[in-house]
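Q: Just passing along the structure, written as structure tokens.
The values are calculated or read from the model by the stated rules, or taken from the named source; none is laboratory data. Keep in mind the model is a prediction, meaning the values are calculated, not measured. In this analysis, Cβ positions are derived from the backbone assuming ideal geometry, glycine residues included, and neighbour counts consider all displayed protein chains. With ligands, DNA and RNA removed, areas are computed over all heavy atoms of the protein, side chains included. Shrake-Rupley method; radii C 1.70, N 1.55, O 1.52, S 1.80 Å.
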Amino acid sequence: MLKFFKKHKVLAVLLIIVLLWGIVFMCEYRRSSWYSEEQHIKRVSKRIDNHFKDWKYGNGERYESFKVYPLYEKDNTLQYFLVEFEPFGFSVVRLNKYERRRYILFRAYSVSMYLEGGIYDDKRTWSPNNDDLTIDKSQSNADMKDDKEIKIAYSKSPYFVTGYINDKKYFIKYDGGRYICAIKKGNKFVNLISGMEFDAEKSESLEKQSIIRFSFPFSPYRTMF
């Protein structure tokens with residue numbers, strides 16, 4: 001072997017460079033399509049469970065429990081997950097097409113398959129006719145109030161509040177960080193914030209929909225959620 005490398009020094013140098021390159025830039029790669037819906041829910045739940053003990057609300061109280069539900073885009077593709085917390089609070093996790101972990105000089109840099117959005121809780125709530133949640137600003141939508149003239153605000157998801165938590169749920173992206181929470185009845189979608197039926201294929205119909213805001217972090221390499 002030594003005689004071979006002595007005779008082929010250039011080849012030996014190239015092999016050493018390739019080996020070093022592999023050590024420096026090792027990469028793990030997975031596609032979301034490799035996993036079933038049930039497997040994704042288990043993977044998301046495991047990641048949340050790893051951080052669960054650190055998540056608090058109010059005056060340092062810890063959440064009691066959580067449950068993960070699949071959310072679909074208008075074309076019925078699985079693209080998000082709803083995380084419903086107890087006693088209140090909810091979040092949405094976005095499903096990326098792939099997950100990649102690259103090791104550079106033995107340090108891991110990751111593109112996660114799952115990106116966590118913000119959390120709605122006792123401090124961040126949503127209201128049925130809140131202008132901030134309405135795409136069409138030309139419409140007049142005063143905050144909904146109860147019989148005591150107190151603004152109605154929720155810290156549970158629209159799916160939970162409207163009683164459709166166990167139905168097939170849709171989370172339809174309009175643009176940017178604006179999304180429509182919906183279910184489907186027949187060929188029509190129903191907006192769970194406004195109660196309005198709409199056609200998800202028509203932009204003029206989408207423009208009239210009440211929405212909810214979620215932002216998902218983007219970085220080419222980030223710590224895995």
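Q: Since R101 meets every condition but one in (1) assigned to a helix (DSSP H, G or I); (2) at pLDDT below 90, which condition does it not meet?
A: (1)
Q: Looking only at the range 158-207, filter to residues that are without any contact (Cβ under 8 Å) to a residue 24 or more places away in the chain and polar (S, T, N, Q); which one of those is farthest from Y120 (Cα to Cα)?
A: The residue in question is N187.
Q: Still on this structure, I have one more. Is it true that N50 is farther than 29 Å from G176 by Cβ and loosely packed, with under 14 Cβ neighbours inside 10 Å?
A: Taking the combined requirement at face value, the residue satisfies it.
Q: Right, something else. For the structure I just gave you, tell me whether E99 is within 20 Å of F216 (Cβ to Cβ) and buried (at least 18 other Cβ atoms within 10 Å of the Cβ).
A: Details: within 20 Å of F216 (Cβ to Cβ): yes; buried (at least 18 other Cβ atoms within 10 Å of the Cβ): yes.
It is true that E99 is within 20 Å of F216 (Cβ to Cβ) and buried (at least 18 other Cβ atoms within 10 Å of the Cβ).
Q: Here is a follow-up. Within the range 111-120, how many residues are assigned to a loop (DSSP other than H, G, I, E, B) and either surrounded by fewer than 19 Cβ atoms within 10 Å (Cβ to Cβ) or modelled with pLDDT of 85 or more (or both)?
A: 0
Q: What number of residues within the range 175-207 are in contact with a helix residue (DSSP H, G or I) (Cβ under 6 Å, 6 or more places away or on another chain) and aromatic (F, W, Y)? Break it down into steps so the answer makes sense when it comes.
A: Residues of the range 175-207 in contact with a helix residue (DSSP H, G or I) (Cβ under 6 Å, 6 or more places away or on another chain): 181, 192-193, 198-199.
From what's left, aromatic (F, W, Y): 198.
Total satisfying the criteria: 1.
Q: Out of the residues in the range 21-46 that are modelled with pLDDT under 80 and open to solvent by 100 Å² or more (accessible area, probe 1.4 Å), state the one that is nearest to the chain's Cα centre (by Cα).
A: Checked the range 21-46; the qualifying residue nearest to the chain's Cα centre (by Cα) is Y29.
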